[in-house]
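Here is the structure we will look at.
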Amino acid sequence: MAIKQYNPTTPGRRGMTSQDFSKVTTKKPLKSLVRSKKQNAGRNNAGRITVRHRGGGVKRHYRLLNYRLADGLILTIEHIEYDPNRSARIARVKDQFGMYHYVLADNSMSQGKVVKVGEEAPVEASNRKSLKDIPVGTQIYAIELTPGRGAQIVRSAGTKAQLVAKEGDYAQVKLPSGEVRKFRLEATASIGVVGNEQHQNIKIGSAGRKRRKGIRPTVRGVVMNAVDHPHGGGDGGRHGTGKAPRTPWGQLALGHRTRRKRAISKLIVRTRHEAKRKK
């Protein structure tokens, strides 16, 4: 996917980039695989804000993706679609029984391509197989954490994992974070790399575009009143806090450890932190 750039006709357009939708083949989703989506705006079931800076945005419908494809399915890709609820593209596929499904689209999918699921499927991009049937070194995505539960990780745009080893009843997979983790050999995964790889390089460019995405403004604590934030107050012109930086609730920030120590899962061979440390 290429990145679309704009001429600096306005200050908002200067530096703004957007996605190239040349691979998207239709604008209308399939009605039978669409559901209405309620806007919660970062609130929990009690109506309290638990995630700040969310709300508003353009209304959207939720697309029902099938993460648990049955063995033996032969799928034909009919359309590549844009999904406003995720960073990756989705593919509308039709199986040999005439049923329609939505699946994650990888960078090799196109109209007319045939995708197979199960043991008999060849080791080719887009096909879905058990980890025991996938060769070591293959790039995979949409992996099951628990066999039969459906794909749960490595689903966002441009992500991929690598099958690095098989030992006993488990396969070792290197995840995008650098973590190496064990999965049951019966767990399934799709072969390839999730599409829309340039998603992370998009520049929003203007405040209005951010609001249409459902992201509300972030206000600095030093410009608030003392009643609203630990950094607030002052007699005008003084921008420093004069004390250690804190969160709006008074918790020390920048260096203060807040996470409790807990046991690392036995399935994790190497943590993502160990992978990033310089040797």
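The values are calculated or read from the model by the stated rules, or taken from the named source; none is laboratory data. A quick note: this is a predicted structure, and the numbers were derived from the prediction, not measured. Note that each Cβ is placed from the backbone with ideal geometry, even for glycine, and that neighbours are counted across all protein chains shown.
In this structure, does ARG54 turn out to be more than 24 Å from ALA142 (Cα to Cα) and surrounded by 14 or more Cβ atoms within 10 Å (Cβ to Cβ)? In short, yes. Across the range 61-83, which residue is farthest from ALA187 (Cα to Cα) among those that are among the hydrophobic types (A, V, I, L, M, F, W, C) and in a strand (DSSP E or B)? Ranking the candidates gives ILE80 first. Here the condition is being at positive phi and surrounded by 14 or more Cβ atoms within 10 Å (Cβ to Cβ); of GLY195, GLY168, GLY205, GLY242, it holds for GLY205 alone.
Can you tell me how many residues in the range 228-269 are part of a loop (DSSP other than H, G, I, E, B), over 24 Å from ARG52 (Cα atoms) and either in the same structural domain as PHE183 (by TED's automatic domain parsing) or within 27 Å of the chain's Cα centre (by Cα) (or both)? Residues in the range 228-269 being part of a loop (DSSP other than H, G, I, E, B), over 24 Å from ARG52 (Cα atoms) and either in the same structural domain as PHE183 (by TED's automatic domain parsing) or within 27 Å of the chain's Cα centre (by Cα) (or both): 7 in total.
Would you point out the residue of the range 144-165, among those that are surrounded by 15 or more Cβ atoms within 10 Å (Cβ to Cβ) and more than 20 Å from ASP83 (Cα to Cα), that is nearest to the chain's Cα centre (by Cα)? For the range 144-165, the residue satisfying everything is ALA161. Only one of the numbered conditions (1) part of a loop (DSSP other than H, G, I, E, B); (2) in contact with a Gly (Cβ under 9 Å, 6 or more places away or on another chain); (3) under 30 Å from SER130 (Cβ atoms) is violated by ARG86, and that is (2).
Can you spot a residue in the range 80-101 that is touching a residue at least 60 places away in the same chain (Cβ under 8 Å), surrounded by fewer than 21 Cβ atoms within 10 Å (Cβ to Cβ) and farther than 28 Å from ASN201 by Cα? Looking for residues that are touching a residue at least 60 places away in the same chain (Cβ under 8 Å), surrounded by fewer than 21 Cβ atoms within 10 Å (Cβ to Cβ) and farther than 28 Å from ASN201 by Cα, one finds at least one in the range 80-101, hence yes.
Just to verify a result, which residue in the range 245-279, among those that are of a type in the set (A, V, I, L, M) and surrounded by 11 or more Cβ atoms within 10 Å (Cβ to Cβ), is farthest from LEU175 (Cα to Cα)? My answer is LEU252. What about THR10, is it among the polar types (S, T, N, Q), part of a loop (DSSP other than H, G, I, E, B), surrounded by 10 or more Cβ atoms within 10 Å (Cβ to Cβ) and touching a residue at least 12 places away in the same chain (Cβ under 8 Å)? No. With (1) of a type in the set (D, E, K, R); (2) part of a loop (DSSP other than H, G, I, E, B); (3) surrounded by 21 or more Cβ atoms within 10 Å (Cβ to Cβ) as the list, and GLU124 as the residue in question, which single condition is left unmet? So GLU124 meets the others, but not (3). So in the range 270-279, with the set limited to residues that are outside any loop (DSSP other than H, G, I, E, B) and basic (Lys, Arg), which one is modelled with the lowest pLDDT? This residue is LYS276. Looking across the range 139-169, the residues that are outside any strand (DSSP E or B) and under 13 Å from LYS182 (Cα atoms) come down to LEU145, THR146, PRO147, GLY168, ASP169.
Contact map, the range 36-54: residues that are free of Cβ contacts under 8 Å to residues at least 12 places away in the same chain paired with residues that are charged (D, E, K, R) and surrounded by 11 or more Cβ atoms within 10 Å (Cβ to Cβ), Cβ distance under 7 Å, separation 6+ or inter-chain. Pairs shown: ILE49/ARG43; THR50/ARG43.
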